[in-house]
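**Student:** Right, I'll just put the structure down here and ask away after.
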Protein chains: 2
Amino acid sequence: MDKEQESTQSQTDVLIIGAGPCGLMAAYWMARYGVNARIIDNRATKVFQGHADGLRSRTLELFDSMGFQHRVMQEGSISTEANIWVPGPEGKLVRQAQIDIFRVDESPFHNTCLNQGRIERFLLDSIREHSDLDVERSVIADSLEYDEKLSDDPDAYPITVKVRVLGEDDPNSSCGQETEVAGIEVNRSNLLPDDWADLAPRKKPQKTQVETIRAKYLIGCDGAHSWTRKQLNIPVEGSNTDHIWGVIDVKPVSDFPDVRRLSVVINAAGTILVIPRERGLVRFYVPVQTCEAGATDRFDRSKITSDLIRERVQAIFAPFTFNFKECSWWTVYQVGQRIATQSTKDNRIFLAGDAVHTHSPKMGLGMNMSMQDGFNVGWKVALAVAGTLKPKVLGTYALERHPLAEMLLDFDRHWSPIFTDQKPGADTKASDMALIAGKFEDFADGWKVFYPASSLVWKSEDNATFPFARHMIPGERVRPAKLRNQAGGGTIWTTRALESDGRFRILVLAGDIRNPTQQQRIETLTQGLAGQTGSSSSPFNRYMEIPGRFKSPVDVFTIHASPWKEVELFDFPEILRPFDPVEGWAYDKIWCDDACMFDRYCDGTAYEKWGVDRVLGALVVVRPDQYIGWVGELSDVDELTRYLDGILLKSTDEVDQVL
Amino acid sequence: MDKEQESTQSQTDVLIIGAGPCGLMAAYWMARYGVNARIIDNRATKVFQGHADGLRSRTLELFDSMGFQHRVMQEGSISTEANIWVPGPEGKLVRQAQIDIFRVDESPFHNTCLNQGRIERFLLDSIREHSDLDVERSVIADSLEYDEKLSDDPDAYPITVKVRVLGEDDPNSSCGQETEVAGIEVNRSNLLPDDWADLAPRKKPQKTQVETIRAKYLIGCDGAHSWTRKQLNIPVEGSNTDHIWGVIDVKPVSDFPDVRRLSVVINAAGTILVIPRERGLVRFYVPVQTCEAGATDRFDRSKITSDLIRERVQAIFAPFTFNFKECSWWTVYQVGQRIATQSTKDNRIFLAGDAVHTHSPKMGLGMNMSMQDGFNVGWKVALAVAGTLKPKVLGTYALERHPLAEMLLDFDRHWSPIFTDQKPGADTKASDMALIAGKFEDFADGWKVFYPASSLVWKSEDNATFPFARHMIPGERVRPAKLRNQAGGGTIWTTRALESDGRFRILVLAGDIRNPTQQQRIETLTQGLAGQTGSSSSPFNRYMEIPGRFKSPVDVFTIHASPWKEVELFDFPEILRPFDPVEGWAYDKIWCDDACMFDRYCDGTAYEKWGVDRVLGALVVVRPDQYIGWVGELSDVDELTRYLDGILLKSTDEVDQVL
């Protein structure tokens, strides 16, 4: 092999194909765990305008755990009511119903719209904050080889991907460069300053280069037409009817009263979804036509223009006026309801996001589901590569996410006809909508994910709730609550406090530590956590480290239910506020569920939300992705250790000790 | 004049000397108004660590109006209680008192600590968002000439400043470059990524260059040893005793229970102020010694080290432990309580911030007062340069801010001895503290600024409150309230809604528009605002534009008190939601004071906070800096116009019309 060929060979632990929101969520974990990874994208620049825009509350909770939710709240537009407009008795459109946002205390965050370009910005900034990982753009994957024989060896590189790094000489070199979107120029004047540097594509090599990348793991986040999926010959199944949608982001000039409110307008001429957005923009979804999938001439895209979409909206809005002078983005979507039959190959290659499931974009679920896919697969692959997670746990990705993809399609099949069917009774539609919204609300908002039992999720035998923590359900999220820091007095949402830093977290719900019997229980717990009782060593030094990041993949986080002013930090045993020679005692690990006069959301109701007794407390393990893995009583340290033993590799010290 | 000399001559409308928080606040307005301005600083880089850190709630309200309060909230540390520790009966330190934050509903924001480097970051980002104005660093001002004869000509350039732009050849070229602060290296590992680009100083010219800058206005924000002040021979008066303070930002290793809470520790060995900060840091202020000001050898600074400060804290904390391994910044402050006798020369040259007032840093007031100085002078100078504000209004800067500088020193004189006097009775100190805190609380938090009557502030004849808007006091701020947008349903604090975009704003407190009599009043108001009644034209097209920014320097903002669901946007007259051919109707101009189920802070109490009748409403003018200028009834459009006539220059059209 001569030197020139050698220079185009490389190895990486993880290769991510596709740097949209799904791929960036996976890359976030590579950055957090300090994993040797690469992320490539065939486009020349990030997305700037338009594309996906709906953010569900669960996604926002995850963003909070990643540290940039405040940026979304500052820029995004919250939708609080759904308004249904139908022809009234005199034929003119009237507001038939105004459906309030439901269960407002279920999450601190509400449905928010903000364009995908900003989400990519926040993810890129977060990745940069934690590592040197950078998206490689204008890189095209050409071939994929996979050596099945190596699938069981975690140290092997069974994957070989040949890529082309486009140079200035390639005619496609500027493809996917968003300097102009559908005839609208993207420039400084319509972007925020922190996106300006990305406007110009990176410096490319003079000549196109070919590189052969060998990888331990591959994550394909390359969209509905996934190249990765096609290389693996994984079929997609589902509806063979494609619905064609016009979508347009404009500053509306309209006398429709709810143009700044989430609305569905159902008229004889058709149905429109109205979605208010950031910076005065409003998105309009309009069904344009239906055609058979797979037909060679699916539809003549060139016939659909922004003017045609404008006219469709005008027809449906009539007699209200509609027009615009400023359009920031528009496109035509042709999306069927389809699902890949598999989302992994031997748990070495994974598909995530639109590569697995495609559906209509109207419920603002696509980007959310995709990002949550990337989030789920990302931490598992990264922690496995770090040598901390048992590789068999990787099987939980498909187990957890694939059924949700099916549920998403089911939801979409119920929901979509409301927008696409021709001229049904308007009344029926509104009531249908409420029915479907009610049925799917937990799912749509991401409050329930229904992750099944696995090594990562220990359910009770009959799937019943645990009496000592009735609303802490393994496989679901921790219901958000606002807590008060014992040491400093500041308040924080659990979503931010339980930072997505890569560690499992033992939540010690310590109850009321003023109670002498409870003090005794805490003492016993302390001995258990220190490895002084039972047959096991301490869960805090029993497992492999996360190299370069954390000495232990298990962290502790205590929330007590005594009044804030009646206890002190040093009333708690040191193992709950561990000492570090540089950081001092861990002031950020003891929290209090008490009302706080200066913060109305810190109202001392966390224990009630979680169904936990305020004296007796409980013990919970939260996974790195914020989902509940295990629930027990304060005395159940042995079972907790068995749970972690099933997931994490024991440290070398520990193995020595056992031998 | 040959070509080379020519190249070193230049003109600018406004020259700002000093790019600390005060200078950047002034520069913010130059950016917002699009004024031709320059800002120079003798340091090679911005501040990164340490320096000032206390942010009072009023400052945070201003940040909200500037658009970056959310970044402070994400990073800063809120201090909610003041804890007083004194020796108990057995001599050991005990917590004598825990003083809660008072009047929590007075502001959405609470005292927050975050280092000056971050504040500079947010200000620099904000300036960049609105203009190409950039700080010119490593630029030294050498001489100042001022031609008094030109003082009355707003178009003249009476100021000539010669500056040296340091080149690589100058030995001082890297002075003030914060790559190392007091022996602590500043690098990527202890900075957030958005500060990294500023770590390296800008590219300097090869050779030092001399430039002569002629300016219409000069703002000296160049600190306690202000070069500008010295050039003007403006004397400083005040205490001739300098107190010397050690200040240290560390990660404390300490078993003192309140090390993460704002605390004053008063021991026989001395007094310490403990201020929790961002990222696990805590600041400690320790008095070190007192000396006479003006003595040539004021004190031997080299004798004071971080170890000496560490030992002082250890002595006062005993028997609690104190130590640290990580120190991000430390310094020795030598500050007397002094005030410049003037803060302007002919209203062409202004002094702001520490250039006017120096005092002890312990109450976290210095940076706040300085930034508010810069904010006050900035908008006035910029709007005068824009040709919109009558130049005589510039006299209100000294009128408004100088008395506050005096009050600040008065406050400091009361407060400072508590920290510096030797061994008084500890009990006395704690009660003193509560007394002084009570007396100055409105002042310290910035909730009252006591701006006197002027062309900008129309008080009632006997300084009484207006019965129709009892808590809307001219010269004070609008008490913050959370409102609901009529068009979209989203909620917002008035502090953010009343954006500091440079315009005067007419607040139409429309009352309950369901009431037929009130509808009649609104109709009359509408005619008045449209210039269809009385002797005046519409205040919206009566005045000079803000060139390149706004066609009118007067904006409108309506807040009604009807239930949100019972009225519609289009129920309001068009002049309150003006039409724009691109933006459509102004959806962001009609707001509602109603409770909102998804936001606990949007509780429908704005009218009560402002002392305004929920049916009858009121009319208020808010200045560009968010202070109340004028208060009246809905029928008082004529008086409102007279108020604006006293401040703003009439547009050319208007002059024609009058002629």
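The values are calculated or read from the model by the stated rules, or taken from the named source; none is laboratory data. Just so it is clear, the model here is predicted, and its values are computed rather than measured. Backbone-built Cβ (ideal geometry, glycine too); neighbour counts: all protein chains shown.
**Student:** Pick from the range A:527-543 the residues that are surrounded by 20 or more Cβ atoms within 10 Å (Cβ to Cβ) and not aromatic (Phe, Trp, Tyr): which of them is farthest from the other protein chains (Cβ to nearest Cβ)?
**Tutor:** Filtering the range A:527-543 for residues surrounded by 20 or more Cβ atoms within 10 Å (Cβ to Cβ) gives A:528-529, A:539, A:542-543.
After this cut, where a residue has to be not aromatic (Phe, Trp, Tyr) as well, the list is A:528-529, A:539, A:542.
Values: A:Gly528: 25, A:Leu529: 21, A:Pro539: 25, A:Arg542: 27 Å.
Per the criteria, the residue is A:Arg542.
**Student:** Any chance the range B:510-517 includes a residue that's touching a Phe, Trp or Tyr at 6+ places or on another chain (Cβ under 9 Å) and either at the interface with chain A (Cβ under 10 Å from one of its Cβ atoms) or part of a loop (DSSP other than H, G, I, E, B) (or both)? It would help to see each step written out before you state the result.
**Tutor:** Here is the first cut: in the range B:510-517, the residues touching a Phe, Trp or Tyr at 6+ places or on another chain (Cβ under 9 Å) are B:510-511, B:513.
In the following step, the residues that additionally are either at the interface with chain A (Cβ under 10 Å from one of its Cβ atoms) or part of a loop (DSSP other than H, G, I, E, B) (or both) were identified as B:513.
Taking every residue of the range B:510-517 in turn, at least one turns out to be touching a Phe, Trp or Tyr at 6+ places or on another chain (Cβ under 9 Å) and either at the interface with chain A (Cβ under 10 Å from one of its Cβ atoms) or part of a loop (DSSP other than H, G, I, E, B) (or both).
**Student:** Here's a follow-up. Return the total of residues in the range A:218-263 being more than 30 Å from A:Glu311 (Cα to Cα) and among the aliphatic types (A, V, I, L, M).
**Tutor:** 5
**Student:** Of the numbered conditions (1) within 14 Å of chain A (Cβ to nearest Cβ); (2) more than 16 Å from the chain's Cα centre (by Cα); (3) β-branched (Val, Ile, Thr), B:Thr12 fails exactly one; give the number of that condition.
**Tutor:** (1)
**Student:** Report yes if B:Asp242 is closer than 30 Å to B:Gln98 by Cβ, charged (D, E, K, R) and either at pLDDT below 95 or assigned to a strand (DSSP E or B) (or both), otherwise no. Even if it seems obvious, please write down each step before you answer.
**Tutor:** On the way: closer than 30 Å to B:Gln98 by Cβ: no; charged (D, E, K, R): yes; either at pLDDT below 95 or assigned to a strand (DSSP E or B) (or both): yes.
So B:Asp242 fails the test.
**Student:** Return the only residue of A:Val622, A:Val637, A:Val631 being of a type in the set (Val, Ile, Thr) and in contact with a helix residue (DSSP H, G or I) (Cβ under 6 Å, 6 or more places away or on another chain).
**Tutor:** Details: A:Val622 fails: in contact with a helix residue (DSSP H, G or I) (Cβ under 6 Å, 6 or more places away or on another chain); A:Val631 fails: in contact with a helix residue (DSSP H, G or I) (Cβ under 6 Å, 6 or more places away or on another chain).
The match here is A:Val637.
**Student:** Would you kindly identify the helices (runs of 4 or more DSSP H) lying entirely within the range A:548-659 that contain at least 2 residues that are touching a residue at least 24 places away in the same chain (Cβ under 8 Å), away from chain B (no Cβ under 14 Å) and in contact with a Pro (Cβ under 8 Å, 6 or more places away or on another chain)? If you could, list the steps in order and put the result at the bottom.
**Tutor:** Numbers: elements: A:606-610, A:637-645, A:652-658.
In the range A:548-659, A:637-645 are the helices (runs of 4 or more DSSP H) which contain 2 or more residues that are touching a residue at least 24 places away in the same chain (Cβ under 8 Å), away from chain B (no Cβ under 14 Å) and in contact with a Pro (Cβ under 8 Å, 6 or more places away or on another chain).
**Student:** Could you check how many residues of the range A:311-331 are at pLDDT below 95 and crowded, with 20+ Cβ neighbours inside 10 Å?
**Tutor:** The total comes to 8.
**Student:** Further question: Go through the range A:4-26 and give me each residue that's part of a loop (DSSP other than H, G, I, E, B) and at pLDDT 95 or above. Reasoning before the result, please.
**Tutor:** Pass one, the range A:4-26, residues part of a loop (DSSP other than H, G, I, E, B): A:7-8, A:18-20.
A:Gly18, A:Ala19, A:Gly20 - these are the residues of the range A:4-26 that are part of a loop (DSSP other than H, G, I, E, B) and at pLDDT 95 or above.
**Student:** OK, next. I'm checking my understanding of the structure. Among residues of the range A:435-484 that are modelled with pLDDT of 90 or more and of a type in the set (Lys, Arg), which one is nearest to A:Arg496 (Cα to Cα)?
**Tutor:** The selected residue is A:Lys482.
**Student:** Return the pairs, sorted by first residue and then second, in which the second residue is among the small types (Gly, Ala, Ser) and buried (at least 17 other Cβ atoms within 10 Å of the Cβ), the first residue lies in the range B:522-536 and is more than 20 Å from B:Glu654 (Cβ to Cβ), the beta carbons are less than 7 Å apart, and the residues are 6+ apart or on different chains.
**Tutor:** B:Ile522/B:Ala510
**Student:** Among the residues of the range A:595-640, what is the count of those that are more than 22 Å from A:Glu400 (Cα to Cα) and hydrophobic (A, V, I, L, M, F, W, C)?
**Tutor:** Residues flagged as more than 22 Å from A:Glu400 (Cα to Cα) and hydrophobic (A, V, I, L, M, F, W, C) within the range A:595-640 amount to 14.
**Student:** Let me ask something additional. For the range B:280-306, enumerate the residues that are outside any strand (DSSP E or B) and at pLDDT 90 or above.
**Tutor:** Filtering the range B:280-306 for residues outside any strand (DSSP E or B) gives B:280-281, B:293-306.
Passing the criteria: B:Gly280, B:Leu281.
**Student:** Given the criteria over 15 Å from A:Ser65 (Cα atoms) and not basic (Lys, Arg), does A:Gly502 qualify? Before you say what the answer is, go through the steps one by one.
**Tutor:** Values: over 15 Å from A:Ser65 (Cα atoms): no; not basic (Lys, Arg): yes.
Spelling it out, it is not the case that A:Gly502 is over 15 Å from A:Ser65 (Cα atoms) and not basic (Lys, Arg).
**Student:** Next question. Quick check: is even one residue across the range A:490-502 more than 18 Å from the chain's Cα centre (by Cα), within 14 Å of chain B (Cβ to nearest Cβ) and assigned to a loop (DSSP other than H, G, I, E, B)?
**Tutor:** yes
**Student:** Which residues, counting only those in the range A:115-132, are surrounded by fewer than 20 Cβ atoms within 10 Å (Cβ to Cβ), assigned to a loop (DSSP other than H, G, I, E, B) and either touching a residue at least 40 places away in the same chain (Cβ under 8 Å) or on the phi > 0 side of the Ramachandran plot (or both)?
**Tutor:** The one that is surrounded by fewer than 20 Cβ atoms within 10 Å (Cβ to Cβ), assigned to a loop (DSSP other than H, G, I, E, B) and either touching a residue at least 40 places away in the same chain (Cβ under 8 Å) or on the phi > 0 side of the Ramachandran plot (or both): A:Ser131.
**Student:** Criterion first (surrounded by 22 or more Cβ atoms within 10 Å (Cβ to Cβ), among the hydroxyl-bearing types (Ser, Thr, Tyr) and not in a loop (DSSP other than H, G, I, E, B)) does A:Tyr397 satisfy it? Outline the logic, then answer.
**Tutor:** Working: surrounded by 22 or more Cβ atoms within 10 Å (Cβ to Cβ): yes; among the hydroxyl-bearing types (Ser, Thr, Tyr): yes; not in a loop (DSSP other than H, G, I, E, B): yes.
Considered against the rule, which asks whether it is surrounded by 22 or more Cβ atoms within 10 Å (Cβ to Cβ), among the hydroxyl-bearing types (Ser, Thr, Tyr) and not in a loop (DSSP other than H, G, I, E, B), A:Tyr397 comes out as yes.
**Student:** Now for a separate question. Filter the strands (runs of 3 or more DSSP E) completely within the range B:307-378 down to those with at least 2 residues that are of a type in the set (Ser, Thr, Tyr). Spell out the reasoning first.
**Tutor:** Values: elements: B:322-335, B:338-340, B:349-351.
Hits in the range B:307-378: B:322-335.
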